[in-house]
1. Does residue 65 count as assigned to a loop (DSSP other than H, G, I, E, B) and over 27 Å from residue 112 (Cα atoms)?
2. Just checking, does the stretch 94-113 include any residue being within 25 Å of residue 55 (Cα to Cα), crowded, with 18+ Cβ neighbours inside 10 Å, hydrophobic (A, V, I, L, M, F, W, C) and touching a helix residue (DSSP H, G or I) at 6+ places or on another chain (Cβ under 9 Å)?
3. I'm checking my understanding of the structure. Among residues of the stretch 54-93 that are within 21 Å of residue 42 (Cα to Cα) and acidic (Asp, Glu), which one is surrounded by the most Cβ atoms within 10 Å (Cβ to Cβ)?
4. Could you grab me the full set of residues in the stretch 26-62 that are part of a strand (DSSP E or B) and under 14 Å from the mean Cα position of the chain (by Cα)?
5. Take residue 8 and decide whether it is of a type in the set (Asp, Glu), surrounded by fewer than 14 Cβ atoms within 10 Å (Cβ to Cβ) and in contact (Cβ under 8 Å) with a residue 40 or more places away in the chain.
6. Just name the residue that is nearest to residue 88 (Cα to Cα) out of those in the stretch 20-37 that are in contact with a strand residue (DSSP E or B) (Cβ under 6 Å, 6 or more places away or on another chain) and crowded, with 16+ Cβ neighbours inside 10 Å.
7. When the stretch 27-60 is examined, which residues are found to be of a type outside the set (A, V, I, L, M, F, W, C) and touching a residue at least 40 places away in the same chain (Cβ under 8 Å)?
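The values are calculated or read from the model by the stated rules, or taken from the named source; none is laboratory data. Since this is a predicted model, take the numbers as computed values, not measurements. Because the Cβ atoms are built from the backbone with ideal geometry, glycine has one as well, and the counts that use them run over all protein chains shown.
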Amino acid sequence: MTKTLQIEVDPSLCASQERNITGELPYDELQQIQADIDPSSSSIRADLTFSKVGKFVVLTGRISADLVLQCAACLELTDFPVNIDVKLAIINDEARASLIPDDYEPYLYEGERLLISDVVEAEVVLVLPSIARHEVCPVELPKSSASKDYGLETEKKKNPFEVLEKLKLN
């Protein structure tokens, strides 16, 4: 049985213990990105380790998943592999953000405890495309509205002057 990432931790305590957290976040436990991905996506896997760099609590590790997104062009499903190297400085005071070590990105949280699933989802959000697309869609798409294949169903309207045309001919 895999461990869930829906756990709250004290970052300072975890860093002093150099705690390693490994687990998965299945689709039904997602809060931030569930609407953006298809239910057939694999669970998001994470292997994260807390430690200290100077006076800062840092979180390093790897997040990976095989997500399935809907292509905006053809509306078919497309695979989107996720592989993220995590290097975060965990802070709960925005004033400390400018002081973090160079190789780390800040992760600001509120309160005394940190929800690991929130960190994982926040990192995945950063790599999701704003518009998902295949490199080459599996179905033929019209090139433009001027293309002969582009079909816009328009009803042929009668010319209102057609009656006058007939009168003129008589």
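1. Details: assigned to a loop (DSSP other than H, G, I, E, B): no; over 27 Å from residue 112 (Cα atoms): yes.
So residue 65 fails the test.
2. no
3. Step one: list which residues in the stretch 54-93 are within 21 Å of residue 42 (Cα to Cα), which gives 61-72, 75-86.
From the residues that got through so far, the ones that are acidic (Asp, Glu) too are 66, 76, 79, 85.
Numbers: 66: 15, 76: 11, 79: 11, 85: 9.
Looking at residues that are within 21 Å of residue 42 (Cα to Cα) and acidic (Asp, Glu), I get 66.
4. In the first step, residues of the stretch 26-62 are kept if they are part of a strand (DSSP E or B); the result is 44-53, 56-62.
Within the stretch 26-62, just 44 meets the criteria.
5. Details: of a type in the set (Asp, Glu): yes; surrounded by fewer than 14 Cβ atoms within 10 Å (Cβ to Cβ): yes; in contact (Cβ under 8 Å) with a residue 40 or more places away in the chain: yes.
When the stated conditions are applied, residue 8 passes them.
6. To start, the set of residues in the stretch 20-37 that are in contact with a strand residue (DSSP E or B) (Cβ under 6 Å, 6 or more places away or on another chain) comprises 20-25, 37.
If we keep only those that are crowded, with 16+ Cβ neighbours inside 10 Å as well, we get 21, 23-25, 37.
Values: 21: 14, 23: 18, 24: 19, 25: 19, 37: 25 Å.
Looking at the filtered set, the residue picked out is 21.
7. Within the stretch 27-60, the first condition is being of a type outside the set (A, V, I, L, M, F, W, C), and the residues that meet it are 27-29, 31-32, 34, 36, 38-43, 45, 47, 49, 51-52, 54-55, 60.
Result: 29, 31, 32, 36, 43, 54.
So that you can scan it fast, the table gives a plain yes or no per residue for (1) outside any loop (DSSP other than H, G, I, E, B); (2) at pLDDT below 70; (3) under 24 Å from the mean Cα position of the chain (by Cα); (4) loosely packed, with under 10 Cβ neighbours inside 10 Å:
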| site | (1), (2), (3), (4) |
| --- | --- |
| 123 | yes, no, yes, no |
| 132 | no, no, yes, no |
| 137 | no, no, yes, no |
| 142 | no, yes, no, no |
| 148 | no, yes, no, yes |
| 154 | no, yes, no, yes |
